[in-house]
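Handing you this structure, nothing more for now.
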Amino acid sequence: MDMINVIFSVLLGVVVFVATPKVNASNLPDKLLAQKITLISGEQVTLANYLGQKPVYLKFWATWCQPCLKEMPHFEHVQQTYGDAIAVIGINIGINDDRHSVDELIKELGLTMPTAIDTNGDLAKAFHFTGTPYHLLFDKQMNLVHLGHKATESLDNKLALLAQHKTVDFLNAEQLNDNEEKLSIALNDDRVHALFFTATWCDWYLKDSRPAISQRCIDTQHGVNTLAEQYPQVVWHGLVSRLWTGEQDKKAYQKKYAIDYRVDIDKSNTWFYQYTVNELPELILIKNDKILFRAHDLSDETILKQAKSFLDMSK
């Protein structure tokens, strides 16, 4: 009888052990957990580094993003209040920004949290970034518990709970998957293709914060329109950023600039990412998948002549 009880107890223990969930389980894919975040200090971190150690709060921002700037005092307050209990990391999106502008803003606003610059778009792709500000909060087990574009009371409540080692309901991590279908563009056909990367908001949104870039967006769009008329044998294709952009925004932009060639929103961000487009606008000339020429400012006569020399090859 005693032996039966021992065997039963052992079996019960095995069942209990198997049924007990892992303490450090995460609902994120391993690839996302391993995604490297390179800080401007040179240090590299991943979400996996914090798994089982502390929650992580990521915020994507840009120096020219007005809502981002308004939220920066809140962001620094989070760092000062919860920095010991929660890993707070700022991620500059690296679009029309550089190390100097980021450093200047950090100094001006007295930001103290670790910061990264997404120069190649890897982080935007990994975390399904669609517009700034972009808040992501993960609990200690690296479960997604918050996703949004505003510093809300809900976010603050979750930060407070996690800092006190309390449980927060986690969200479906599928929200971080980019399920948009890749835009198909056949480039390997012995023809010259002109891909013009821009944003529907580049001209007006940056007017005050980045006036030079705003004017460059306007001038270069007009320049591309002129080239498209002069070189109809070239396949012209406008690609606008998916950030803050819907179909109505695209149609209004096409009408505003009287664009006759095809324009698409790069909804999957595939083409912007493939060609590492992090400065708008940008014209790229391609033949059989080979880049012939790329430039940002067609109002510069020297650059315009260079572009025309490559376009002449297509005649």
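The values are calculated or read from the model by the stated rules, or taken from the named source; none is laboratory data. All values derive from a computational prediction rather than experimental measurement. Neighbour counts are summed over all protein chains in view; Cβ atoms, including those assigned to glycine, are modelled from backbone coordinates with ideal geometry.
With respect to CYS217, is the statement that it is at pLDDT 95 or above and either in a loop (DSSP other than H, G, I, E, B) or closer than 16 Å to THR270 by Cβ (or both) true? It would help to see each step written out before you state the result.
Details: at pLDDT 95 or above: yes; either in a loop (DSSP other than H, G, I, E, B) or closer than 16 Å to THR270 by Cβ (or both): no.
When the stated conditions are applied, CYS217 does not pass them.
Restricting the search to the stretch 250-307, which residues are hydroxyl-bearing (Ser, Thr, Tyr), in contact (Cβ under 8 Å) with a residue 12 or more places away in the chain and surrounded by fewer than 20 Cβ atoms within 10 Å (Cβ to Cβ)? Break it down stepwise before answering.
Step one: list which residues in the stretch 250-307 are hydroxyl-bearing (Ser, Thr, Tyr), which gives 253, 257, 261, 268, 270, 273, 275-276, 299, 302.
Keeping just the survivors that are in contact (Cβ under 8 Å) with a residue 12 or more places away in the chain gives 253, 257, 261, 268, 270, 273, 275-276, 299.
Once the filter is applied, which keeps residues that are hydroxyl-bearing (Ser, Thr, Tyr), in contact (Cβ under 8 Å) with a residue 12 or more places away in the chain and surrounded by fewer than 20 Cβ atoms within 10 Å (Cβ to Cβ), the stretch 250-307 yields TYR257, TYR261, SER268, THR270, TYR273, TYR275, THR276, SER299.
Hey, another quick one. Would you mind stating whether ASP208 is modelled with pLDDT of 95 or more, among the acidic types (Asp, Glu), exposed (fewer than 14 other Cβ atoms within 10 Å of the Cβ) and in a loop (DSSP other than H, G, I, E, B)? Working first, answer last.
On the way: modelled with pLDDT of 95 or more: no; among the acidic types (Asp, Glu): yes; exposed (fewer than 14 other Cβ atoms within 10 Å of the Cβ): yes; in a loop (DSSP other than H, G, I, E, B): yes.
No.
Hey, another quick one. Please find, among VAL224, VAL234, VAL240, the residue that is hydrophobic (A, V, I, L, M, F, W, C), closer than 22 Å to TRP61 by Cα, modelled with pLDDT of 95 or more and assigned by TED's automatic domain parsing to the domain that holds SER299.
Numbers: VAL224 fails: closer than 22 Å to TRP61 by Cα; VAL234 fails: closer than 22 Å to TRP61 by Cα.
Checking each option against the conditions leaves just VAL240.
For PRO211, all conditions in the list (1) touching a residue at least 12 places away in the same chain (Cβ under 8 Å); (2) more than 16 Å from LEU239 (Cα to Cα) hold save one; what is the number of the exception?
Answer for PRO211: the failing condition is (1).
I need every pair where a residue in the stretch 222-235 that is free of Cβ contacts under 8 Å to residues at least 40 places away in the same chain has its Cβ under 7 Å from the Cβ of a residue that is surrounded by 19 or more Cβ atoms within 10 Å (Cβ to Cβ), sequence separation at least 6 or different chains.
Correct list of pairs: ALA228/TRP236.
If you don't mind, another one. Here are ASN188, ASN172: which of them is among the polar types (S, T, N, Q) and either surrounded by 15 or more Cβ atoms within 10 Å (Cβ to Cβ) or touching a strand residue (DSSP E or B) at 6+ places or on another chain (Cβ under 8 Å) (or both)?
Just one listed residue meets the conditions, ASN172.
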